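What follows is a single structure, written as structure tokens, with notes after it.
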Amino acid sequence: MSAPVAAAAAGGAAPVYGLLLAGGRSTRMHRDKAALEYHGRSQLAHAYERLAASVERAFVSVRPDQVDDPVRRAYPQIVDRQPGLGPLAGILAAQAEHPQAAWLVLACDLPFLDGPTLARLLAGRDPGGLATAYRSAHDGLPEPLCALYEPGSAPALRAWADAGRSCPRKFLIQSGARLLEPPDPRALDNVNSADEYWQTMQTLDPTQAAAARRIRVQYYALLREQAGRSEETLETTARTPRELYEELRTRHPFTLGAEVLRVAVNAEFGDWSQPLAAGDSVVFIPPVAGG
């Protein structure tokens, strides 16, 4: 138990549990943000360890269809009970499962988050209020996904959802949450897109950002004919499917541009800008008639 949590418990405040929000669909990143690696392991593993070190108990918030996901199944889980509410669904499920606890809610996509930032939040806790949060360095508004929600916020959050509202930031604004200044504003920067991912990697680990990745590529129809093979495995520094295809065009006499192809990564149709990772399997799919 961290010193701030122990002090709060000694003072009669509710125990603090941790909730790592990992139930998002990563629609802008086009691959699971919880599985991305910034620190030599999945971001979920890194964030969970940091959160668990700061609270009495820690859980991962998941959608029902993510319970058996390989990235998430090894951790204690709290499953969303009401779809369509985004992060609020996770908070409500956690409060319903452990109503006696205050919840330190943390988004999974904060690769710069550090221990002092969590410690400052716990030390500045307002047990008599509904919530304690950081003030955004970008717009001055509350940061709802690195915030501490007291047990007394549960009825208000439930009423908020029942009224058709789902934005936890607006809830914090209207509830008069205690707002703190973050010790390091960058610690609360989230990463939502491929460009942001590679910029973050360049900052955190430039060597890894430029490292070669072993990728398996499969070809069909005209591309198979022009490559003279149906598949190959290669070491590449390409960061996205688009960069990979342009690299392959220097190796093979491909006549089709990326604009007429579809791309699939690990058996799912993907986006040309999504980040590639070591071990990925990529398929470039030409038009049925071959262009």
- Note on the structure: Highest GNM mean-square fluctuation among Ala211, Ala34, Ala22, for the chain with Cα springs under 10 Å, belongs to Ala211
- So for the pair Asp195, Thr255, with labels modelled 7 Å out along Cα→Cβ, what separation do we get in nm? 3.4
- Message: With unit charges on the beta carbons (Lys and Arg positive, Asp and Glu negative) and the dipole taken about the Cα centre of the chain, which residue among Asn190, Pro127, Trp160 sits farthest to the positive side?
- Response: Trp160
- Residue-averaged 222 nm ellipticity for the chain, from DSSP H runs of 4+ at -39500 (n - 2.57), nearest 500: -8500 deg cm²/dmol
- Task: Given the options Pro15, Pro70, Pro142, state which has the largest fluctuation in a GNM of the chain using a 10 Å cut-off (strictly under) for Cα springs.
- Result: Pro70
- Message: Rounded to the nearest 20 debye, what is the charge dipole size of the chain about its Cα centre when +1 sits on each Lys and Arg Cβ and -1 on each Asp and Glu Cβ?
- Response: 300
- Over the chain, what is the percentage of antiparallel beta bridges among all DSSP beta bridges, to the nearest 5? 50
- How much length is gained if the chain between Arg242 and Glu181 is pulled fully straight, taking 0.36 nm per residue apart and subtracting their Cα-Cα distance, in nm to one decimal? 17.9 nm
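None of the figures in this text is laboratory data; all of them are computed from the coordinates on show. None of the values given here were measured: they were computed from a predicted structure. Every residue, glycine among them, receives a Cβ derived from its backbone with ideal geometry; neighbour counts consider all protein chains shown.
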